[in-house]
Amino acid sequence: MILRRVTEHVKAQNWFAVGLDFLIVVVGILLAFQITEWSAERQQRIAEGRYLTELARDLQADVDELRGGWEQAWWRLTTAESILRALDPDFESPSFFPAPAPADTLNGAIDRSEYSEYMFAALTTTFILIGTDYTFDELVQSGNLGVLSNRALVTRLAAYYGRHNRKRIEFEIAREQVGPLLAYLRDNGFGMADRATVDDLIRLANSDPRFLGFVKLAYFLAFWQHTQLKLVLADAEATLLALEREIEDRS
Amino acid sequence: MILRRVTGHVKAQNWFAVGIDFLIVVAGILIAFQITNWAAARQDNLIYQQARVRVIEEANANLQLSQDAITRLSEQQELVLGIVRGFETCCADGGAEERFIRALQPLRFIVSLELRQEAINQMLRSDAFLDNITPEDRTMLSLYARRIDRIANNSRFSDDFQLTRKQVHDNPIFKRTLAGDFTGGLLQLALTVSYEEACQDDALNQFLFDRLENAIYIVGQARGLEQASREVLISLGESPSDAPEPEYTP
């Protein structure tokens, strides 16, 4: 239809009409594209807000998980230390780790009473990092990272998740160290569900140097985890704060 | 038609009509775009609904897997306890050796908790679903994904640990024979020593203790999986399928 009209105008040498025909089509389409682009940009800002909210939710889940792990590591650390101190009053914690944070600085009282009569289970427990990187992973996989306009924040998130993944691997390696302790307990007929108090473990460590060695190993692992988790937790909290600021600035 | 009309309007200097003509072109294109967008959104929603169904199926499958594992491990626990009870009297009379060998065969398998995570991971890691999933559902599914990831991790650790333990067929008090049913893929074991000697064997008792401990641990993980799968199904508005526990034949 348009072609026929244009052809008619060209044949009649009605150059004004020809120009007008082109102008209407071109300007009309350009205008429509511009409106679509504005709309897409608006959609992108909405998507950015949604992604930021989801990232904050994921980071909050990380903070909660890390805090739980930190408290658990603290509890195992103090339990193993109490056994070692009972056997050696001059026992000193290793100086290459920073002094552990006192329990009262943690969020609420640490109640691990469900473990207090199952000390074999308590000693062989280690915290494993799972992490919640679904939204960030989704942004990376879909190539949508560009949706986030604050590039400094993107860099910060990438660094945080990179460090978190490395720690996750380290924690899995640390967990492997528990295998020999577990094997020792099995070989000596101690089950995870067997009732055993701290006093029972002190007696066992006093009579068997191998078990004492495993208590020291459990203490070291708990100390290491506690130290590492404190750093990862601080990292997660700072990244969450930066995200919350970004959300606040946008609103 | 539009062009002729517009030309006419311009020639007649009817600028209002020219504006209307422009508006028709722009609105036409915008409506076409909008229709395309609606169709795409409808398609996205359809894909999301299909993914949601897959998550529900997966949670039901995990529920079933956890129940199967609990059944098989409970069987293993019963078999171990039966053998240990026989060992307490350590008397070969009344077919004790035959019962022991029959009970031992299924204990040679390590029961693992092979759970499924593909659909939930796809749901949480694909940008196609973010516009359709509610924040509440996403939070709840994210929690479920973390819980089952932890259970999978614990189960893997337990399986790896089990593989470091001495296997019963490596114990010199046993030999492998072609006699009997070995449809389970393993040759039948037979004692090379008397039943009275076997019940005193440290390595054998150690193996039985290992199996018992493993069963207790994996049952704990399976119960965690069962609870998490039930909770997620209820949250998604589904009633967990309480299929009867499958019959287990040692």
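The values are calculated or read from the model by the stated rules, or taken from the named source; none is laboratory data. Quantities reported herein were computed from a predicted structural model and do not represent experimental measurements. Note that each Cβ is placed from the backbone with ideal geometry, even for glycine, and that neighbours are counted across all protein chains shown.
Below are the figures for this structure:
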item: Residues (within 17 Å of A:ASP249 (Cβ to Cβ) and at the interface with chain B (Cβ under 7 Å from one of its Cβ atoms)) located in the range A:27-52; result: A:ARG50
item: Qualifying positions in the range B:124-137 - of a type in the set (A, V, I, L, M) and touching an Asp or Glu at 6+ places or on another chain (Cβ under 9 Å); result: B:LEU124, B:ALA128, B:LEU130
item: Subset of the range B:122-152 [out of contact with any helix residue (DSSP H, G or I) (no Cβ under 7 Å at 6 or more places or on another chain), of a type in the set (Asp, Glu) and at the interface with another protein chain (Cβ under 10 Å from one of its Cβ atoms)]; result: B:ASP149
item: Considering residues of the range B:5-23 that are modelled with pLDDT under 70 and among the aliphatic types (A, V, I, L, M) only, the residue surrounded by the fewest Cβ atoms within 10 Å (Cβ to Cβ); result: B:VAL10
item: Test: residue in the range B:93-108 that is under 30 Å from B:HIS169 (Cβ atoms), at pLDDT below 95 and assigned to a loop (DSSP other than H, G, I, E, B); result: yes
item: Subset of the range A:159-189 (residues that are free of Cβ contacts under 8 Å to residues at least 12 places away in the same chain and assigned to a helix (DSSP H, G or I)); result: A:ALA159, A:GLY162, A:ARG166, A:ILE169, A:ILE173, A:GLU176, A:GLY179, A:ALA183, A:ARG186, A:ASP187
item: Filtered residues of the range B:113-132 (kept if buried (at least 16 other Cβ atoms within 10 Å of the Cβ), modelled with pLDDT under 90 and not in a helix (DSSP H, G or I)); result: B:SER126, B:LEU130, B:ASN132
item: One residue from B:LEU63, B:LEU46 being closer than 30 Å to B:ARG223 by Cβ and either in a helix (DSSP H, G or I) or not basic (Lys, Arg) (or both); result: B:LEU63
item: Residue within the range A:79-92 that is farther than 29 Å from B:GLU136 by Cβ, within 14 Å of chain B (Cβ to nearest Cβ) and at pLDDT below 90 present; result: no
item: Every residue from the range B:182-205 that is in a loop (DSSP other than H, G, I, E, B) and at pLDDT 90 or above; result: B:THR192, B:VAL193, B:SER194, B:CYS199, B:GLN200, B:ASP201
item: Any hit, the range A:227-249, residues being over 26 Å from B:PHE207 (Cβ atoms), touching a Pro at 6+ places or on another chain (Cβ under 9 Å) and modelled with pLDDT under 95; result: yes
item: Residue tally, condition surrounded by 14 or more Cβ atoms within 10 Å (Cβ to Cβ), part of a helix (DSSP H, G or I) and without any contact (Cβ under 8 Å) to a residue 60 or more places away in the chain, over the range B:157-181; result: 4
item: Residues that are facing chain B (nearest Cβ under 10 Å) and without any contact (Cβ under 8 Å) to a residue 12 or more places away in the chain, drawn from the range A:142-158; result: A:SER142, A:GLY143
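Yes/no per residue for (1) more than 14 Å from chain B (Cβ to nearest Cβ); (2) surrounded by fewer than 18 Cβ atoms within 10 Å (Cβ to Cβ); (3) under 30 Å from B:THR164 (Cβ atoms):
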position: A:VAL140; (1), (2), (3): no, yes, no
position: A:ALA193; (1), (2), (3): no, yes, yes
position: A:ASP199; (1), (2), (3): yes, yes, no
position: A:TRP224; (1), (2), (3): yes, no, yes
position: A:VAL232; (1), (2), (3): yes, no, yes
position: A:LEU240; (1), (2), (3): yes, no, no
